[in-house]
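Everything below concerns the one structure shown next.
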Amino acid sequence: MIHALAYAKVNFGLRVGRLRDDGYHSIDSIFQSVAIADRLTVAAAEEDAVVGVGGRPVADGFGNLVFRAVKAVRDRADSQQPLHVSLDKAIPAAAGLGGGSADAAAGLAVAGRYFGVSREILDSLAPELGSDVPFCLVGGTARVSGRGDVVTAMDGLDGFSLAIVVPPIEISTPAAFHRWDELGDPEGLCIPQRALPPQLRDEGDLRNDLYPAAVALAPELDDWRAELEERWSRPVLLSGSGASLFGFFIDSDEAAAAANSVPKGARFAEACDLVSVGWRMTTEP
Ligand code: C5P
């Protein structure tokens with residue numbers, strides 16, 4: 001039986017480029033793993049199963065990214081060993097926090113250990129599962145380009161914390177990219193360098209180009225952002241295609257105070273430290 005934690009990610013800026021012939025957009029972003037984690041357990045079994053905590057069904061069953069990841073590794077290992085996969089979700093879904101991708105990356109890593117499949121093969125399977133999976137397999141802090149498949153690890157960041165809020169809005173990533181095309185490739189709001197933690201200032205201004213598309217799909221997102229900026233007295237960024245919003249704070253105490261002062265109705269509001277990995281094996285579930 002192997003246990004692992006699968007960490008969420010946020011985007012420190014997301015620049016979007018043209019729609020490619022393969023239907024994906026090129027992107028340029030700094031991805032950062034954060035301490036919100038799903039828990040994954042994989043064990044040998046009599047027959048395949050994929051269940052949520054307490055035996056509850058998981059979204060899409062065997063079509064869930066975590067099971068597809070484990071199965072991809074098993075197929076590569078030419079094995080038919082049935083597996084019981086259980087998933088305890090903490091990362092909010094459809095929030096731009098990469099929950100499904102984190103689960104898939106942890107699934108690749110765990111199955112890779114179980115079947116003795118090399119890291120090189122896991123790296124080659126990752127982009128097939130989703131654009132954010134290659135980053136989640138690496139984790140920490142990385143510049144990500146291509147369609148998400150070009151991951152260059154960066155020195156780890158520390159010395160600040162985040163408050164992350166998910167408003168009661170779900171945004172589909174394909175819908176956000178599609179709306180971005182319809183809107184004529186807009187640029188997102190610019191967060192000036194001076195408003196960023198010093199550790200991020202070398203990167204220039206940060207902006208998330210999917211912001212106008214996310215607001216076109218869910219106009220109340222802009223009200224949430226404005227309200228949080230007012231309460232926190234600082235700029236608030238969108239992660240991925242949203243709807244998660246976050247701000248930078250000097251430490252986890254300040255981030256926790258900020259997370260406690262959000263409007264009622266948020267799906268999620270927590271202080272989150274940065275982490276230096278995308279997944280981690282653990283001895284306990
Ligand atoms: O790769 P993933 O399955 O997560 O992507 C979901 C959808 O999001 C893609 O089918 C595409 O419509 C859109 N997308 C994109 N450009 C990216 C990543 C995703 O257009 N770089």
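Would you kindly derive the ³J(HN,Hα) couplings of region 78-95 from the backbone phi angles with the Karplus curve 6.51 cos²θ - 1.76 cosθ + 1.60 (θ = phi - 60°), listing them in order in whole Hz, with x for Gly and Pro?
6, 10, 10, 4, x, 10, 9, 10, 10, 9, 10, 7, 10, 7, x, 7, 6, 10
Could you calculate the contour length gain from residue 187 to residue 231, that is, 0.36 nm times the residue separation minus the distance between their Cα atoms, to one decimal place in nm?
13.3 nm
In region 161-272, with Lys and Arg counted as +1 and Asp and Glu as -1 at Cβ, which of these residues, 212, 186, 261, has the Cα nearest the positive end of the dipole, that is, farthest along it?
261
Relative to the longest principal axis of the C-alpha atoms of the chain, give the angle of the C-alpha long axis of helix 173-182, reported between 0 and 90° and rounded to the nearest 10°.
40 degrees
Helix-derived [θ] at 222 nm for the chain: sum -39500 (n - 2.57) over DSSP H runs of at least 4, divide by residue count, nearest 500?
Dividing the helical sum by the residues of the chain leaves -9000 deg cm²/dmol.
Nearest 0.05, what FRET efficiency do residue 51 and residue 113 give at R0 = 25 Å with Cβ-Cβ as r?
Once the sixth-power term is evaluated, E becomes 0.75.
What ranking of 115, 31 emerges when the number of other C-beta atoms within 10 Å of each C-beta is taken as an exposure proxy, fewest first?
Going from least to most buried by this count: 115, 31.
What FRET efficiency would be calculated for the residue pair residue 78, residue 28, taking the C-beta separation as r and a Förster radius of 51 Å, to the nearest 0.05?
Efficiency at R0 = 51 Å is approximately 0.85.
Check which residues have an amide H placed less than 5 Å from residue 58's amide H, if you skip close sequence neighbours.
For residue 58, the qualifying residues are 52.
Any read-out appearing in this document is the output of simple, stated calculations on the displayed coordinates, not a laboratory observation. This one's a predicted model, so the numbers in the text were calculated from it and none came from an experiment. Glycine gets a Cβ as well: all are built from the backbone with ideal geometry, and neighbour counts include every protein chain shown.
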